[in-house]
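The values are calculated or read from the model by the stated rules, or taken from the named source; none is laboratory data. Treat the numbers as computed from the prediction; the structure is a model and nothing was measured. Reconstructed Cβ throughout: ideal geometry from the backbone, glycine too, with neighbour counts over all protein chains shown.
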Amino acid sequence: MAEIVESGGGGEKGGKKRPKKGSARIDMTPMVDLGFLLLTFFVLTSTFAKPKVMSLTYPAKEIDKTVKPPKVKNGITFLVSDDRVFYYKGEFYPVGNADGKPATQLIETDFGPEGIRKILKENNTFVLNKITELKGKLDKKQISDSIYKKELIAAKGESEALKVLVKTDMKAKTRNFIDVIDELYIAQIGVIAPVDITKSEQALLDEKLKQ
Amino acid sequence: MAKLKLPKGSPSIDMTPMVDLAFLLVTFFMLAADFRTDEVVKVEIPSSIGKDDIPQKTLVMVTVDTKGRVFFTCSGEEVRKKVLTQMMAKYKVPLSEENITTFSRMEGGFGCSMSELPKYLSLESEERKNLPNATIPVDTSATNELADWINFANREMLDYGKKKFEEESAKQGKGGVPLKADDFKPKFVLKADMEAEYVKVKTVIEVFRNLKLNNLNFVTSQEAHQL
């Protein structure tokens, strides 16, 4: 071990004290001990992977009933169950409806990039094209950053832009819901509405789930 | 064959590089990492592309674990104390000074009904974690305990945020980027386990929406995505 080498005993009385030659060696063991103790403490008590948040704004509860909801030209509804997801386009038509429209069929898809993301990208071409156009302008410095953001929000709110409803049943897991919302953010969907599932939709979903 | 001569005395190793390294690592961990808060329950969070940081300053957080148990916390020791005092008055549950202090120090959250709170706070922190049925009562009605917690926390956090905003603006002085008042408004965070039933989470979301708090932040871990 490194140590301070002591010269032997008290030495001669009255003798001249001579400074020791060579380097004095200090025992560093306690310092190393302390260093590693602190190191272990900090390794165990610290966190690095900071969790992030995904913001989601819900529609207000008391909606003014006199104002009619805007006409949706392009809409998709996702029905989420336990690790399975179905969708239909447009409005929901139960069997034997008054309008004489064919009954809505649910189509199954999955949470992967080939599932929801593909469907959303195909149906949200209006906004996605607009984004590419705006980005091009932004890169050429034709528009400023604030205008870009404003235009983007405006594009997402237009009637051609895709509107998405997300409905969950009793068996859905939180993970499934977050996955769907996440895909919506990736596909730049402006209007997201988590709503309650209706009875006829639930019945249709149950039937599909049995298959 | 000639015998190898072994050096006499204790062999001395130069430990300086090792010490250097150890202290370098200590410094790194001290500066780069945050302390882990003592979470009341372990929650596996889902992943998303969300890239905003958790608003630490003015946070009101509800946690839902795998079994659907509900926990509550908010930032700021004084805020927690004030919220508790109001809850005590509303539900007429008297608590000792000691229990109030315990509560205000619980940063990781708590989960228990008001009637059981005195007993809950008297337990050791490890015992609290092992209670299988501890949860804050929550239902779809307009008035439940969770709604009251959130409501009181919201009001207190508004005041606290204002104070904090003035304090920090004053500290910063005239130079530098002006702080945004919006950053000091209460932020509502929902931390749900990825395996939790969504119905349970939805009940909590409904509580927020009944209080007209429509902007919620879901805690997620970040995943890389190509757009």
Condition first: in a loop (DSSP other than H, G, I, E, B), closer than 30 Å to B:Leu158 by Cβ and at pLDDT 75 or above. Now tell me which residues in segment B:1-48 satisfy that. B:Glu39, B:Val40, B:Val41, B:Val43, B:Ile45, B:Pro46
For B:Ile54, are the conditions met, namely being over 19 Å from B:Glu145 (Cα atoms) and either of a type outside the set (S, T, N, Q) or in contact with a Phe, Trp or Tyr (Cβ under 7 Å, 6 or more places away or on another chain) (or both)? yes
Evaluate the following for B:Glu167: is it exposed (fewer than 12 other Cβ atoms within 10 Å of the Cβ), away from chain A (no Cβ under 14 Å) and modelled with pLDDT of 85 or more? yes
Within segment A:173-192, does at least one residue satisfy the condition of being within 11 Å of another protein chain (Cβ to nearest Cβ), within 30 Å of A:Asp82 (Cβ to Cβ) and part of a loop (DSSP other than H, G, I, E, B)? yes
Residue ID - nearest to B:Val43 (Cα to Cα), chosen from residues in segment B:89-112 that are among the aliphatic types (A, V, I, L, M) and touching a residue at least 12 places away in the same chain (Cβ under 8 Å): B:Met106
Do you know which residues across segment B:169-189 are within 19 Å of the chain's Cα centre (by Cα) and among the aliphatic types (A, V, I, L, M)? B:Val189
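Could you look through segment B:179-189, keep only residues that are part of a helix (DSSP H, G or I) and more than 14 Å from chain A (Cβ to nearest Cβ), and pick out the one that is modelled with the lowest pLDDT?
B:Ala181
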In segment A:46-58, what count of residues is obtained for those that are touching a helix residue (DSSP H, G or I) at 6+ places or on another chain (Cβ under 9 Å) and either part of a strand (DSSP E or B) or surrounded by fewer than 17 Cβ atoms within 10 Å (Cβ to Cβ) (or both)? 4
Of B:Gly109, B:Gly161, the only residue that is modelled with pLDDT of 85 or more and under 19 Å from the mean Cα position of the chain (by Cα) is B:Gly161
Residues in segment B:190-204 that are surrounded by 22 or more Cβ atoms within 10 Å (Cβ to Cβ), within 7 Å of chain A (Cβ to nearest Cβ) and under 21 Å from the mean Cα position of the chain (by Cα): how many? 4
Among the listed residues B:Gly161, B:Gly176, which satisfies the condition of being outside any helix (DSSP H, G or I) and away from chain A (no Cβ under 11 Å)? B:Gly176
Could you check, for segment B:67-80, whether at least one of its residues is within 9 Å of chain A (Cβ to nearest Cβ) and among the aromatic types (Phe, Trp, Tyr)? no
With respect to the numbered conditions (1) of a type in the set (Asp, Glu); (2) under 24 Å from B:Thr102 (Cα atoms); (3) within 10 Å of chain A (Cβ to nearest Cβ), which one is the sole condition not fulfilled by B:Asp52? (2)
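Does A:Thr125 fit the bill of being closer than 23 Å to A:Glu183 by Cβ, buried (at least 16 other Cβ atoms within 10 Å of the Cβ) and among the hydroxyl-bearing types (Ser, Thr, Tyr)? It would help to see each step written out before you state the result.
Details: closer than 23 Å to A:Glu183 by Cβ: yes; buried (at least 16 other Cβ atoms within 10 Å of the Cβ): no; among the hydroxyl-bearing types (Ser, Thr, Tyr): yes.
Criteria not met by A:Thr125.
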Which residue pairs have Cβ atoms under 8 Å apart, sit 6 or more places apart or on different chains, and have a first residue in segment B:20-42 that is more than 9 Å from chain A (Cβ to nearest Cβ) and free of Cβ contacts under 8 Å to residues at least 40 places away in the same chain and a second that is surrounded by 12 or more Cβ atoms within 10 Å (Cβ to Cβ) and assigned to a loop (DSSP other than H, G, I, E, B)? B:Lys42/B:Asp65
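Determine whether B:Thr66 is outside any helix (DSSP H, G or I), of a type in the set (Ser, Thr, Tyr) and more than 17 Å from the chain's Cα centre (by Cα).
Against the criterion (outside any helix (DSSP H, G or I), of a type in the set (Ser, Thr, Tyr) and more than 17 Å from the chain's Cα centre (by Cα)), B:Thr66 qualifies.
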